[in-house]
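Working notes for the structure below.
Values quoted throughout were computed directly from the atomic coordinates according to the rules given, and no laboratory measurement underlies them. Just so it is clear, the model here is predicted, and its values are computed rather than measured. Reconstructed Cβ throughout: ideal geometry from the backbone, glycine too, with neighbour counts over all protein chains shown.
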Amino acid sequence: MILVFGASGSIGRRLVELLPADEVVAFARDPAKGAALGCRYVVGDLDDPVSVASALVGVERVFLNAGGAVPAPGEQPMVRQQRAVIDAAVAAGVAHVVKLSVWHAAADGLLAEGAHWEVEEHLRSSGLGWSVLRPSGFMQNFVTGGGTFTENGHLLGAYGDARVSYVDCADIAAAAAVLLTGDPRPGSTFVLTGPEALTQAEIAARLSVVAGREIRYVDLPAVEFAKRLVALGVPEAFAGDVATLFADVAGGRLEGTTPDLAGLIGRPARTFDEFLAAEADAVRQVWADEVHTFE
Ligand SMILES: NC(=O)c1ccc[n+]([C@@H]2O[C@H](COP(=O)([O-])OP(=O)(O)OC[C@H]3O[C@@H](n4cnc5c(N)ncnc54)[C@H](OP(=O)(O)O)[C@@H]3O)[C@@H](O)[C@H]2O)c1
């Protein structure tokens, strides 16, 4: 059996569709979301060790994803939760864990980069078989609200003219499916990028075509961006770390592309235009109006 954590998320819900129906079990904290997945599921919460342990009974391979860095001081819940899943997987006799991490995960990394590194290290020393997927920024950020927007419907960011090799979550799911159903490539780390790197202005131009109205890219210095976050109630230390990461991206940190994804899935990774074509309805829904809010 293959257990998928984060099954209702951007990657997870695409992944469960790719796995053999008689082998996949989704872990969902919301029964309605579990039922909507169209596959076998168990209800549980990463903060409920009993539900995690019982979900892992008889499981051979695990997809480990859920949550990201949150603007709270102290310990990141994701680190605590994912470390606990790894410990429970050892106890349950799981053979292999495919962990969804982030590009540039590192011991001294800020926010998600440091948090994912901590989980990666725990996994590497667990004795389990492991493989790690480190994706670049998600194309889906531009439809889920993980992107950043001005109040008047234009694309807001702090990356200047820097390029980012955004990757489609459908491709990340496809890569995970390969490792979960075939050779799991134990001890391997894959940096997953799209096939091209685009500027935010180029992305705004592409969004404009699908939305049917002009969307401009509005660039803010990273420190100004951080001030906006603080004004929205985000703690200053967290906003400062976000500003530092944004400045790194503006310096070209996510510009590179790698062959890892195409090598895993046996076809080229999706371009941004292919993503827009596949998600045109969602893109129109988010971007058609001049004014919109998220969450
Ligand atoms: N966005 C980017 O550009 C980017 C780039 C690289 C890496 N990443 C990493 O990608 C990860 C996010 O992936 P994603 O987009 O698939 O996530 P997502 O769409 O935000 O989904 C998160 C999933 O985790 C589940 N979850 C959260 N807390 C849970 C809990 N306590 N118990 C059980 N399930 C829980 C959610 O369930 P519910 O539906 O019930 O909430 C959901 O299924 C993060 O770790 C982030 O660091 C993101």
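Structure notes:
- Using a Gaussian network model of the chain in which every pair of alpha carbons under 10 angstrom is joined by a spring, one finds that among ALA115, ALA211, ALA36 the greatest mean-square fluctuation is at ALA36.
- Between the beta carbons of ASP108 and THR181, assuming R0 = 30 Å, the FRET efficiency works out to 0.30 to the nearest 0.05.
- Ordered by the count of other Cβ atoms within 10 Å of each Cβ, fewest first, TYR217, TYR159 give TYR217, TYR159.
- Charge dipole of the chain (Cα centre as origin; +1 on each Lys and Arg Cβ, -1 on each Asp and Glu Cβ, all else neutral): 420 debye, rounded to the nearest 20.
- Cα lying deepest toward the dipole's positive end in the chain, options PHE272, VAL59, ALA177, charges on Cβ: VAL59
- C-alpha center-to-center spacing [the range 106-141, the range 7-49] in angstrom: 21 Å
- Relative packing of 2-9, 251-258, which averages over residues the other C-beta atoms within 10 Å, highest first: 2-9, 251-258
- Cβ-Cβ distance of GLU121 and HIS154, R₀ of 30 Å, FRET efficiency by 1/(1 + (r/R0)^6): the value works out to about 0.15.
- Label point distance in nm, ASP281-ARG40, each placed 7 Å from Cα along Cα→Cβ: 3.0 nm
- Qualifying trypsin sites (Lys or Arg not before Pro) in the range 1-62, DSSP loop, other Cβ atoms within 10 Å at most 15: ARG40
- One chain, two ends: ALA205 and ASP87. Fully extended at 0.36 nm per residue, the span grows by 37.8 nm beyond their Cα-Cα distance.
- The slack between THR244 and VAL230, meaning 0.36 nm per residue of separation minus the straight C-alpha distance, is 3.6 nm.
- Positive-end ranking of TYR217, VAL286, ALA250 along the dipole of the chain, with charges on Cβ about the Cα centre, is headed by VAL286.
- Expressed as a fraction of 2.2 N^0.38 Å, the value expected for a compact globular protein of N residues, the C-alpha radius of gyration of the chain is 0.99.
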